[in-house]
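This report concerns only the one structure given below.
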Amino acid sequence: MGSSNFLGGHSRKHKVTIVGSGNWGSTIAKIIAENTREHTDVFEENVQMWVYEEDVTIPKESKHYNESTADTPQKLTEVINKYHENVKYLPGVALPPNIVANPSLNDAVQNSTILIFNLPHQFIRKVCEGIRGEIMPFARGISCIKGVNVTDDGISLFSEWIGDDLGIYCGALSGANIASEIAQEKWSETTIAYDPPPMDSRAPTPRNASPNPDAAGEIPEIQHLDARGRKSKTKLTPLPIEYPPLDHNCFRMLFHRPYFHVQMVSDVAGVSLGGALKNIVALAAGFVDGRGWGDNAKAAIMRIGLMEMVKFGKEFFSETVRTGTFTESSAGVADLITSSSGGRNFRCARKAVEKGVSVQDVEREDLNGQKLQGTSTAHEVNSFLKARGLEAEYPLFTAVDGILRGEKKVDDIPALVSDT
């Protein structure tokens with residue numbers, strides 16, 4: 001089965017590589033490999049998946065368990081390619097046979113025109129450094145890495161880290177996406193933000209809007225805009241005409257499944273911010289739930305939190321952020337709801353209040369010292385706002401940070417947000 005008319009006169013197909021193979025990375029690889037198999041006129045069928053090589057033993061509960069080799073360590077890539085299952089990070093889920101696990105990052109990205117990044121954000125720089133100059137110069141990317149980087153100096157998007165480091169354009173995927181549910185093909189939605197660079201456009205030049213030569217008689221260089229609406233510092237190589245256009249239709253074809261619905265937007269900043277800021281709101285929802293205030297209080301937290309998310313996006317990415325990204329998309333309101341109803345930030349905040357301990361105590365006891373995304377994001381965002389004298393403009397974000405620091409109490413929340 002294929003999209004027979006899509007390739008048209010294009011002689012080349014898109015090759016796809018997944019950079020990362022954890023729980024979410026393997027789930028995304030499964031989705032993409034199912035689609036490349038169905039659309040072989042647009043995509044090369046085999047999908048490369050870079051796997052950080054490690055030795056694994058087949059768990060006893062696996063159908064691939066064999067007593068004779070139970071204690072013999074095997075290479076994870078060999079196990080994936082032999083049994084078509086990531087027994088360590090996505091056990092019990094069959095992967096399509098056209099996923100090729102590759103321990104060599106450089107080999108995995110060779111000749112790929114679409115790169116899907118799915119790894120912890122702290123490894124982005126190192127991975128990009130390893131493949132800089134090794135990828136196709138006109139490759140395009142999608143970051144499935146949730147969140148943003150916030151410092152007192154400013155906010156940066158992980159998709160921009162990737163794009164700037166590699167000299168390519170990179171969009172972002174985010175939404176109410178619990179990997180284990182999607183891997184089991186339970187229906188869900190996601191949002192992909194991709195603003196196609198103008199030099200990749202296949203649309204004919206309008207008759208009355210031809211580019212005017214500059215004073216030297218040369219046609220001005222086409223530049224794409226970054227997530228702040230400014231001319232990007234990254235000079236892109238146009239996608240050759242031999243390939244099908246990398247537009248919203250193409251990416252929907254690559255990601256959309258009957259159980260995984262895709263909404264395409266162009267607002268990369270809004271989609272990225274939604275994946276970060278919702279964690280602060282989820283902590284607040286956990287606080288009031290742990291206090292026993294019920295569903296009405298949680299709904300109030302979500303409403304106020306959504307308003308502050310929109311305000312934050314519009315204030316700091318005013319040129320590109322759309323309110324609808326937060327209020328209408330999976331990356332916005334849907335992710336906020338699921339995170340504020342049962343996500344890890346919500347559960348830990350609720351437990352902290354119920355037990356009368358700090359969230360940091362719960363992190364130490366239940367997460368082996370691992371930090372929640374919400375706690376670090378709350379501190380970073382508060383510090384960013386404080387440096388600009390804007391704490392009072394975001395009372396819920398500010399209250400969460402105050403509670404985490406022990407300077408405020410959960411009982412203070414209603415008064416703190418009373419004017420919102």
Evaluate region 188-198: report whether one residue or more is part of a loop (DSSP other than H, G, I, E, B), modelled with pLDDT under 85 and open to solvent by 30 Å² or more (accessible area, probe 1.4 Å). no
Residues that are over 22 Å from Ile182 (Cβ atoms), of a type outside the set (D, E, K, R) and touching a Pro at 6+ places or on another chain (Cβ under 8 Å): does region 67-86 have at least one? yes
For region 79-98, check the following and say yes or no: at least one residue is more than 22 Å from Pro258 (Cα to Cα), without any contact (Cβ under 8 Å) to a residue 60 or more places away in the chain and of a type in the set (D, E, K, R). yes
Can you name every residue in region 220-252 that is open to solvent by 30 Å² or more (accessible area, probe 1.4 Å) and in a helix (DSSP H, G or I)? His248, Asn249, Arg252
I need a count of the residues in region 301-314 that are open to solvent by 10 Å² or more (accessible area, probe 1.4 Å) and free of Cβ contacts under 8 Å to residues at least 60 places away in the same chain. 5
Thr320, sole failed condition from (1) touching a strand residue (DSSP E or B) at 6+ places or on another chain (Cβ under 8 Å); (2) in a helix (DSSP H, G or I): (2)
In region 59-87, which residue that is under 30 Å from the mean Cα position of the chain (by Cα), assigned to a loop (DSSP other than H, G, I, E, B) and not hydroxyl-bearing (Ser, Thr, Tyr) is surrounded by the most Cβ atoms within 10 Å (Cβ to Cβ)? Val87
Asn368 passes all but one of (1) at pLDDT below 95; (2) assigned to a helix (DSSP H, G or I); which number fails? (2)
For region 371-396, how many residues meet the condition of being open to solvent by 60 Å² or more (accessible area, probe 1.4 Å), assigned to a helix (DSSP H, G or I) and closer than 12 Å to Asn345 by Cα? 1
Considering every residue within region 270-282, establish whether at least one is open to solvent by 60 Å² or more (accessible area, probe 1.4 Å) and out of contact with any Lys or Arg (no Cβ under 6 Å at 6 or more places or on another chain). no
For region 95-110: of the residues being in a loop (DSSP other than H, G, I, E, B) and in contact with a Ser or Thr (Cβ under 9 Å, 6 or more places away or on another chain), which is surrounded by the most Cβ atoms within 10 Å (Cβ to Cβ)? Leu95
So which of Gly133, Gly163, Gly147 is of a type in the set (Gly, Ala, Ser) and at pLDDT 95 or above? Gly163
Apart from one, (1) in contact with a strand residue (DSSP E or B) (Cβ under 9 Å, 6 or more places away or on another chain); (2) crowded, with 16+ Cβ neighbours inside 10 Å all hold for Asp165; the odd one out is (1)
Filter result (outside any strand (DSSP E or B) and β-branched (Val, Ile, Thr)) within region 12-48: Thr27, Ile28, Ile31, Ile32, Thr36, Thr40, Val42
Taking region 253-267 as the region of interest, how many residues are among the charged types (D, E, K, R) and not in a loop (DSSP other than H, G, I, E, B)? 1
Residues in region 227-244 that are under 20 Å from Lys13 (Cα atoms), of a type in the set (A, V, I, L, M) and in contact with a Leu (Cβ under 7 Å, 6 or more places away or on another chain): how many? 1
Residue pairs, Cβ under 6 Å, 6 or more apart or interchain, first in region 402-420 and in contact (Cβ under 8 Å) with a residue 12 or more places away in the chain and assigned by TED's automatic domain parsing to the domain that holds Leu306, second open to solvent by less than 30 Å² (accessible area, probe 1.4 Å) and of a type in the set (Ser, Thr, Tyr). List them. Leu404/Thr375
By residue number, the members of region 129-156 that are open to solvent by less than 30 Å² (accessible area, probe 1.4 Å) and either among the charged types (D, E, K, R) or touching a Cys at 6+ places or on another chain (Cβ under 9 Å) (or both) are Arg140, Gly141, Ile142, Ser143
Residue under evaluation Arg291, criteria (1) open to solvent by less than 40 Å² (accessible area, probe 1.4 Å); (2) closer than 30 Å to Ser358 by Cβ, criterion not met: (1)
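The values are calculated or read from the model by the stated rules, or taken from the named source; none is laboratory data. All figures in this text were calculated on a predicted structure; none of them were measured in a lab. As a convention, Cβ positions derive from the backbone with ideal geometry for all residues, glycine included, and neighbour counts pool all protein chains shown. Side chains included, ligands, DNA and RNA excluded: accessible areas come from the protein's heavy atoms. Shrake-Rupley method; radii C 1.70, N 1.55, O 1.52, S 1.80 Å.
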